[in-house]
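Read through the structure below, which is laid out as structure tokens, and then see the notes.
The values are calculated or read from the model by the stated rules, or taken from the named source; none is laboratory data. These numbers were taken from a predicted model, which means no experiment stands behind them. We place every Cβ from the backbone using ideal geometry, glycine too, and count neighbours over all the protein chains shown. Side chains are part of the model used for accessible areas, which takes the heavy atoms of the whole protein and leaves out ligands, DNA and RNA. Shrake-Rupley method; radii C 1.70, N 1.55, O 1.52, S 1.80 Å.
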Amino acid sequence: MEKIWLREYPPGVPAEIDLSEFASIKDILEKSCLRFADLPAYSNMGVSLRYRDIDRLSRDFGAYLQGLGLSKGERVALMMPNILQYPVALFGVLRAGLIAVNVNPLYTPRELEHQLKDSGASAIVILENFARTLQEVMDQTAVKTVITTQLGDLFPFPKRPLINFVVKRIKKLVPDWSLPGAVPFRQVLSAGAARPLADVPLNHDDIAFLQYTGGTTGVSKGAMLTHGNMVANLQQASAWLSPFSRPAEDTIITALPLYHIFSLTANCLTFMKVGGHNILITNPRDMPGFVKELGKIRFTIITGVNTLFNGLLHTPGFDRLDFSALKISLGGGMAVQRAVAERWKNVTGTPLIEAYGLTETSPAACINPLTINEYNGSIGLPIPSTELSIRDDEDRELGIGEMGEICIRGPQVMRGYWNRPEETAQIISRDGYLRTGDIGIMDERGYTRIVDRKKDLILVSGFNVYPNEIEDVVVLHPGVLEAAAVGVPDEKSGEAVKLVVVRKDPALTAEALIEHCRQHLTGYKVPRRIEFRTELPKTNVGKILRRLLRDG
């Protein structure tokens, strides 16, 4: 398709990016740490690490990992919320030539076991609050090294012991657990400081992340994101920002979890590249506390999902904050609702700009111009060096105004799924286009609107939920004959999981099923609504017709 969208690019945004400027994320980090050494890089709960601190601490962390005998390409899992230890550990992993595997800290033992076994992770960095989950499954995995950390480990004295005491003794967030041989984070840094960090050559072909997603089915798969993929997306994002943001001038609110690809790339990495200051919000669900924190900061950029923005707008005191420095509000991960965007503009004075991407595209693929003044209902324009093609089921390209599957090609598209070549072949076409599963229409200016979803995935507050996974858990209950999970509209989360069940045991209740699900599924995957039926609609070959359940 002709790149008609280039005519809509704001002045100063290039059509193509320079992929040769950086060899790897490690290359970008080390150059940023040198260039912005004395500036704040990441802050949490009033404590800041400068770029020179990140350089030193991540060097020490990487040296320790190499000292364990971990060699290039081995996998290290990171299971932490937004705390200062996350960027230190992440960059240490990458500088040591290893592959980072991001893990949702709220995973159940079943979910954690699958990800650790599938990735083959040999080490894990975990916040102590979640160590009990690891304890339950560690013997079934290849993990040999466990590094534990407490919330305040990188805080200065006396804040560090005070915070850690409060978490352990007062809030009682750390349950009893036993992981023989676990090494405390601070001990790791001390030991690593006494060791050299060997320089591991990295190039665009080396894998940087196994970023887990559902892919084309409900089984969680690791998207292989190479250093080249990530360098490309950082170059693309910073090119889009360049007319509106000068290096070292931005303070960005990072409330979405860094283990999620949106926050990982858009916040943690992009603003590291340009010398920005990431404010890490550990618990954005505490909306009053979040708003109180925002009141202390003169922030220039905020990213989030629709539910986060909506939650802020409904929190007392948010409308009284000082937004005079705010210049960019970026929404992604799920559709931005018009009502939320319009209210955001009224309260903050800045438009809520929608972006679009997938784990498989590192993630940014389309972004609205940062010059727009009003919500336009579009996912925006393909970013530099990116092609978007609307295609039918026979893989034929469709024309302007025709409805078909959104397909993306560019240097940010993943290499494929870890150890799953057949799944990779299903989602990436022979000519290199990623089939997104989203149905859209492109207009004559190059803007694309999503109108439907080809895949059965359910999008809950920006997180992918796959019906197969829910159903596999539900049918384990002895009172269930069969079940189907679908997404239904929800004011708070965009979509919520609805479960339709045929009972084997007539006494089975919705409450019992929800409790069963909570034992095996992360909170956002647990069904919000349950409906009992005598049978499920099916095709003549027995396939459940989920669309009829959604519509009915």
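In this structure, Phe130 does not qualify as aromatic (Phe, Trp, Tyr) and either within 30 Å of Ile428 (Cα to Cα) or open to solvent by less than 20 Å² (accessible area, probe 1.4 Å) (or both). Val143 meets each of the listed conditions (1) open to solvent by less than 20 Å² (accessible area, probe 1.4 Å); (2) closer than 28 Å to Thr359 by Cα; (3) outside any loop (DSSP other than H, G, I, E, B); (4) in contact with a strand residue (DSSP E or B) (Cβ under 7 Å, 6 or more places away or on another chain) apart from (3). Restricted to the range 96-111, and to residues there that are open to solvent by less than 10 Å² (accessible area, probe 1.4 Å) and either touching an Asp or Glu at 6+ places or on another chain (Cβ under 6 Å) or among the small types (Gly, Ala, Ser) (or both), the residue that is nearest to Thr282 (Cα to Cα) is Ala100. Per the conditions (1) among the small types (Gly, Ala, Ser); (2) surrounded by fewer than 16 Cβ atoms within 10 Å (Cβ to Cβ); (3) farther than 20 Å from Trp240 by Cβ, the sole criterion not satisfied by Gly377 is (3). Within the range 212-225, track down each residue that is modelled with pLDDT of 95 or more and open to solvent by 10 Å² or more (accessible area, probe 1.4 Å). Scanning the range 212-225 gives Tyr212, Met224.
For the range 112-126, filtered to residues that are in contact (Cβ under 8 Å) with a residue 40 or more places away in the chain and open to solvent by 10 Å² or more (accessible area, probe 1.4 Å), the residue that is nearest to Pro180 (Cα to Cα) is Ser122. The residue of the range 150-161 that is surrounded by the most Cβ atoms within 10 Å (Cβ to Cβ), among those that are in a helix (DSSP H, G or I) and modelled with pLDDT of 90 or more, is Arg160. Quick check: is even one residue across the range 333-345 in contact with a strand residue (DSSP E or B) (Cβ under 8 Å, 6 or more places away or on another chain), surrounded by 24 or more Cβ atoms within 10 Å (Cβ to Cβ) and in a strand (DSSP E or B)? No. Anything in the range 231-250 that is under 20 Å from the mean Cα position of the chain (by Cα), open to solvent by 10 Å² or more (accessible area, probe 1.4 Å) and not aliphatic (A, V, I, L, M)? List them, or say none. Passing the criteria: Gln235, Ser238. Scanning the range 284-329 for residues that are small (Gly, Ala, Ser), surrounded by fewer than 18 Cβ atoms within 10 Å (Cβ to Cβ) and assigned to a helix (DSSP H, G or I) turns up just one, Gly289. A search for C-beta distances below 8 Å between a residue of the range 242-270 that is free of Cβ contacts under 8 Å to residues at least 40 places away in the same chain and under 24 Å from His227 (Cβ atoms) and any residue that is polar (S, T, N, Q) and not in a helix (DSSP H, G or I), counting only pairs 6+ apart in sequence or on different chains, returns Asn267/Thr254; Asn267/Asn278; Asn267/Thr303. Restricting to the range 1-11, what's the tally of residues that are of a type outside the set (Ser, Thr, Tyr) and touching a strand residue (DSSP E or B) at 6+ places or on another chain (Cβ under 9 Å)? Matching residues across the range 1-11 total 6. Figure legend. Inter-residue proximity from the range 137-153: first residues within 22 Å of Phe165 (Cβ to Cβ) and of a type in the set (D, E, K, R), second residues surrounded by fewer than 21 Cβ atoms within 10 Å (Cβ to Cβ) and at pLDDT 95 or above, beta-carbon distance below 6 Å, spacing 6+ or different chains. Indicated pairs: Asp153/Arg186.
Is it the case that Leu210 is part of a loop (DSSP other than H, G, I, E, B) and either within 20 Å of Val125 (Cα to Cα) or in contact with a His (Cβ under 6 Å, 6 or more places away or on another chain) (or both)? For Leu210, the condition - part of a loop (DSSP other than H, G, I, E, B) and either within 20 Å of Val125 (Cα to Cα) or in contact with a His (Cβ under 6 Å, 6 or more places away or on another chain) (or both) - is not met.
Of the candidates Pro40, Pro14, the single residue that is in contact with a strand residue (DSSP E or B) (Cβ under 9 Å, 6 or more places away or on another chain), open to solvent by 20 Å² or more (accessible area, probe 1.4 Å) and modelled with pLDDT of 95 or more is Pro40.
Considering every residue within the range 358-372, establish whether at least one is on the phi > 0 side of the Ramachandran plot, out of contact with any Phe, Trp or Tyr (no Cβ under 7 Å at 6 or more places or on another chain) and either of a type in the set (Asp, Glu) or surrounded by 24 or more Cβ atoms within 10 Å (Cβ to Cβ) (or both). Yes: the range 358-372 contains one or more residues that are on the phi > 0 side of the Ramachandran plot, out of contact with any Phe, Trp or Tyr (no Cβ under 7 Å at 6 or more places or on another chain) and either of a type in the set (Asp, Glu) or surrounded by 24 or more Cβ atoms within 10 Å (Cβ to Cβ) (or both).
Confirm whether Ser324 is in contact with a strand residue (DSSP E or B) (Cβ under 8 Å, 6 or more places away or on another chain), modelled with pLDDT of 95 or more and not hydrophobic (A, V, I, L, M, F, W, C). When the stated conditions are applied, Ser324 does not pass them. Consider the range 425-436 and keep the residues that are part of a loop (DSSP other than H, G, I, E, B) and out of contact with any Cys (no Cβ under 9 Å at 6 or more places or on another chain). The one that is least open to solvent (accessible area, probe 1.4 Å) is Gly432.
The criterion of at least 3 residues that are open to solvent by 60 Å² or more (accessible area, probe 1.4 Å) is met by the following helices (runs of 4 or more DSSP H) wholly inside the range 437-552: 510-520, 546-551.
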